[in-house]
């Protein structure tokens, strides 16, 4: 890592600029496929607008389906980013440097996708503005609108600010779209004063963004837990959802990192060690997730309240047994097995674990939303829910937007924070050395 | 505030379904084709729950008409993001169809599954769409609707009583289901009026409410000798 010459050289990190200037044929092929899927989903949504929500698989009593599941899922993924990057920055983890940017991009893109899902789910999207005109702040849905908007604002600013020095670098290199980069760089010259202001702004934001991020998923869980429905009315839903969100977020981040490492040849930046550390974090979250799930179901089963038991049995041995045990396999068995043994904890091992976790967390959201609705307290026939083509198409569309968002971003901005890598080379190494000395007995640092 | 309540005598109820039909006509509730109804999209303001007890050959079918329970502490109004469902001055849980954004949160929050949603543009039988009840607004696609205890009838009798400068009489305001019931199983009235038939019936030893322990205070009582 350490560069002995300490050169301030634009071309030292050439690999990080390359994706912006060079576009291969594969890019257009992959982009075209995702674009096609996206356009198809738009067409399907148009059909839904024309005909009503009847084109979905939802019904009475299963009044929420894929859209709400995906809403919770995507917003959960968004916790990858900002929260992880903020926590790593705050804890001065030096290995964060090549990771933070990608994490923040995930947040911004996925929040936009997730935030749209409740609107897709509306029977009357044309009346969406009623939420502002006659919104009731007493409704958990309004809490959601508020906190997701706050999170989106904070996390896009938090993505943008650390990008300014990089944008200025691209501006200085010249070439394409100089006017855009000139505008977006806000006259960044890299003076000491500018650096001070930027660092201060980032510091304030990273502290602010953590409670906002936690509030977002807590409030999403409140949508469910504020009702009286069996399986939803649970006090641990807030922290359970937040833990799950961070869990799925880390997994998504790992997948994105591994893909871009391969595609853009970032092998020199995203090293084994990064995957090791994030893998350990994923392992911890997996165990925390299991702890929450265990507590949630054990309390339900032990109390044995009939309505609650109906829902639980529906998941354990009823129609949802396949999804439930699949979730346990994906969220606990697979990641813990892979990540506990050094032998399996390779990059491909981490990739498998991460994919399993993302699938498992999607299943978890599905298992939380649908079975409670399918087992109403009234003695009605069991609800059935079979998602329609429209819902699948919009799900695929959401995933495509995620991929497209990343692809577009990669063509305009570096996916790894160049100035932070540089800062690591120039200051980080020395700082860490001094910091470690300050931890040890016998020597005081004057500036601490 | 009056407490309009319904008492349904399950010992009298024959399960004929006249209440459901009367309700559909009275409130311009759309007709859903059988395929959609099978998929769980039937629109009923007054529903009929059938449960079977015992095993062949001693099977007993239990029929239970189910309107909206018009809770005094309704979980659905609490969660509505736009106040499209609320408890009005008469203590009834009302819907504002033209404000509803169709998020279906109230449906998810209702423990009694009484709310229904217009999954498609509503349809009526040929001819039926020419004789709507003019007192009840016709709903559009994408909004939630439910039993209103025929609130339009209350408006009507209140106006009449106001003109005649007298208080409302017990039994003057009755919903369509109660009026039509051939077995006289559905009584309706004000619980605050201690002389009303409904008040007396609600104090019967046979009376119970569905899931009273939830604390949502439903205003529909069921009378049954059989312990439910």
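The values are calculated or read from the model by the stated rules, or taken from the named source; none is laboratory data. No experiment lies behind these values; they were computed from the predicted model shown. Every residue, glycine among them, receives a Cβ derived from its backbone with ideal geometry; neighbour counts consider all protein chains shown.
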Review point. If we scan the stretch A:413-432, do we find a residue that is exposed (fewer than 15 other Cβ atoms within 10 Å of the Cβ), in contact (Cβ under 8 Å) with a residue 24 or more places away in the chain, more than 14 Å from chain B (Cβ to nearest Cβ) and in contact with a helix residue (DSSP H, G or I) (Cβ under 8 Å, 6 or more places away or on another chain)?
Key: yes
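Go through A:352, A:384, A:338 for me and flag whichever is part of a helix (DSSP H, G or I) and either surrounded by fewer than 22 Cβ atoms within 10 Å (Cβ to Cβ) or within 14 Å of chain B (Cβ to nearest Cβ) (or both). Give the derivation first.
Working: A:384 fails: part of a helix (DSSP H, G or I); A:338 fails: either surrounded by fewer than 22 Cβ atoms within 10 Å (Cβ to Cβ) or within 14 Å of chain B (Cβ to nearest Cβ) (or both).
Selected residue: A:352, the only one of A:352, A:384, A:338 that is part of a helix (DSSP H, G or I) and either surrounded by fewer than 22 Cβ atoms within 10 Å (Cβ to Cβ) or within 14 Å of chain B (Cβ to nearest Cβ) (or both).
So which residues in the stretch A:137-153 are outside any helix (DSSP H, G or I) and either in contact with a helix residue (DSSP H, G or I) (Cβ under 6 Å, 6 or more places away or on another chain) or closer than 23 Å to residue A:54 by Cα (or both)? Please lay out each step first, then the result.
Here is the first cut: in the stretch A:137-153, the residues outside any helix (DSSP H, G or I) are A:137-139.
Answer for the stretch A:137-153, where residues must be outside any helix (DSSP H, G or I) and either in contact with a helix residue (DSSP H, G or I) (Cβ under 6 Å, 6 or more places away or on another chain) or closer than 23 Å to residue A:54 by Cα (or both): just A:139.
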Practice item. Would you be able to tell me the number of residues in the stretch B:36-55 that are over 27 Å from residue B:94 (Cα atoms) and at pLDDT 90 or above? Key: 0
**Study point:** Among (1) within 30 Å of residue A:279 (Cα to Cα); (2) touching a helix residue (DSSP H, G or I) at 6+ places or on another chain (Cβ under 8 Å) - the single one residue A:391 does not satisfy
**Key:** (1)
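To keep it simple, each residue is scored yes or no on (1) more than 20 Å from residue B:105 (Cβ to Cβ); (2) within 18 Å of the chain's Cα centre (by Cα); (3) touching a residue at least 60 places away in the same chain (Cβ under 8 Å); (4) within 14 Å of chain B (Cβ to nearest Cβ).
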| position | (1), (2), (3), (4) |
| --- | --- |
| A:184 | yes, no, no, no |
| A:202 | yes, no, yes, no |
| A:206 | yes, yes, yes, no |
| A:213 | yes, yes, yes, no |
| A:217 | no, yes, yes, no |
| A:224 | no, no, yes, yes |
| A:227 | no, no, no, yes |
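Results for (1) surrounded by 15 or more Cβ atoms within 10 Å (Cβ to Cβ); (2) closer than 19 Å to residue A:366 by Cβ, shown as yes or no for each residue.
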| site | (1), (2) |
| --- | --- |
| A:283 | yes, no |
| A:296 | yes, yes |
| A:309 | yes, no |
| A:318 | yes, yes |
| A:324 | yes, yes |
| A:328 | yes, yes |
| A:331 | yes, yes |
| A:334 | yes, yes |
| A:348 | no, no |
Review point. Quick one: would you say residue A:243 is within 30 Å of residue A:18 (Cα to Cα), buried (at least 18 other Cβ atoms within 10 Å of the Cβ) and modelled with pLDDT of 90 or more?
Key: no
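Give the residue, chosen from A:381, A:371, that is touching a residue at least 60 places away in the same chain (Cβ under 8 Å) and more than 24 Å from the chain's Cα centre (by Cα). I'd like the intermediate steps shown before the answer.
Numbers: A:381 fails: touching a residue at least 60 places away in the same chain (Cβ under 8 Å).
Every option except A:371 fails the conditions.
Listed here are the residues, each with its yes/no results for (1) outside any helix (DSSP H, G or I); (2) free of Cβ contacts under 8 Å to residues at least 12 places away in the same chain; (3) farther than 27 Å from residue B:73 by Cα.
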site: B:6; (1), (2), (3): yes, no, no
site: B:16; (1), (2), (3): yes, no, yes
site: B:20; (1), (2), (3): no, no, no
site: B:23; (1), (2), (3): no, no, no
site: B:29; (1), (2), (3): yes, no, no
site: B:32; (1), (2), (3): yes, no, yes
site: B:37; (1), (2), (3): no, yes, yes
site: B:43; (1), (2), (3): yes, no, no
site: B:49; (1), (2), (3): yes, no, no
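In this structure, is residue A:389 on the phi < 0 side of the Ramachandran plot and surrounded by 18 or more Cβ atoms within 10 Å (Cβ to Cβ)?
Values: on the phi < 0 side of the Ramachandran plot: yes; surrounded by 18 or more Cβ atoms within 10 Å (Cβ to Cβ): no.
Answer is no for this residue.
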Practice item. Report yes if residue B:204 is away from chain A (no Cβ under 14 Å) and crowded, with 16+ Cβ neighbours inside 10 Å, otherwise no. Key: no
Check your understanding: residue A:405 fails exactly one of the following numbered conditions: (1) surrounded by fewer than 19 Cβ atoms within 10 Å (Cβ to Cβ); (2) touching a helix residue (DSSP H, G or I) at 6+ places or on another chain (Cβ under 6 Å); (3) not in a helix (DSSP H, G or I). What is the number of that condition?
Key -> (3)
Exercise for review: Could you tell me whether any residue of the stretch A:300-320 is assigned to a helix (DSSP H, G or I), without any contact (Cβ under 8 Å) to a residue 40 or more places away in the chain and within 18 Å of residue A:240 (Cα to Cα)?
Suggested key: yes
Review point. What is the one condition in (1) within 30 Å of residue A:356 (Cβ to Cβ); (2) not in a helix (DSSP H, G or I) that residue A:238 does not satisfy?
Key: (2)
Review point. Residue A:269: in a loop (DSSP other than H, G, I, E, B), more than 21 Å from the chain's Cα centre (by Cα) and surrounded by 14 or more Cβ atoms within 10 Å (Cβ to Cβ), yes or no?
Key: yes
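Within the stretch A:229-265, take every residue that is within 14 Å of another protein chain (Cβ to nearest Cβ) and in contact (Cβ under 8 Å) with a residue 40 or more places away in the chain and give me the one that is nearest to residue A:84 (Cα to Cα). Don't jump to the end; show me each part of the working.
Of the residues in the stretch A:229-265, the ones within 14 Å of another protein chain (Cβ to nearest Cβ) are A:229-233.
Filter once more, so that each one left must be in contact (Cβ under 8 Å) with a residue 40 or more places away in the chain: A:229-232.
On the way: A:229: 33, A:230: 33, A:231: 29, A:232: 27 Å.
Going through the qualifying residues, I end up with A:232.
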Review point. Out of the residues in the stretch B:33-68 that are crowded, with 17+ Cβ neighbours inside 10 Å and more than 10 Å from every other protein chain (Cβ to nearest Cβ), which is nearest to residue B:8 (Cα to Cα)?
Key: B:65
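Scan A:198, A:161, A:142, A:137 and give me the residue that is within 14 Å of chain B (Cβ to nearest Cβ), modelled with pLDDT of 90 or more and surrounded by 13 or more Cβ atoms within 10 Å (Cβ to Cβ). Walk me through it before giving the result.
Numbers: A:198 fails: within 14 Å of chain B (Cβ to nearest Cβ); A:161 fails: within 14 Å of chain B (Cβ to nearest Cβ); A:137 fails: surrounded by 13 or more Cβ atoms within 10 Å (Cβ to Cβ).
When all the criteria are applied, what remains is A:142.
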Point to revise | Among residues of the stretch B:183-201, those that are surrounded by fewer than 15 Cβ atoms within 10 Å (Cβ to Cβ) and not in a loop (DSSP other than H, G, I, E, B), counted | key: 2
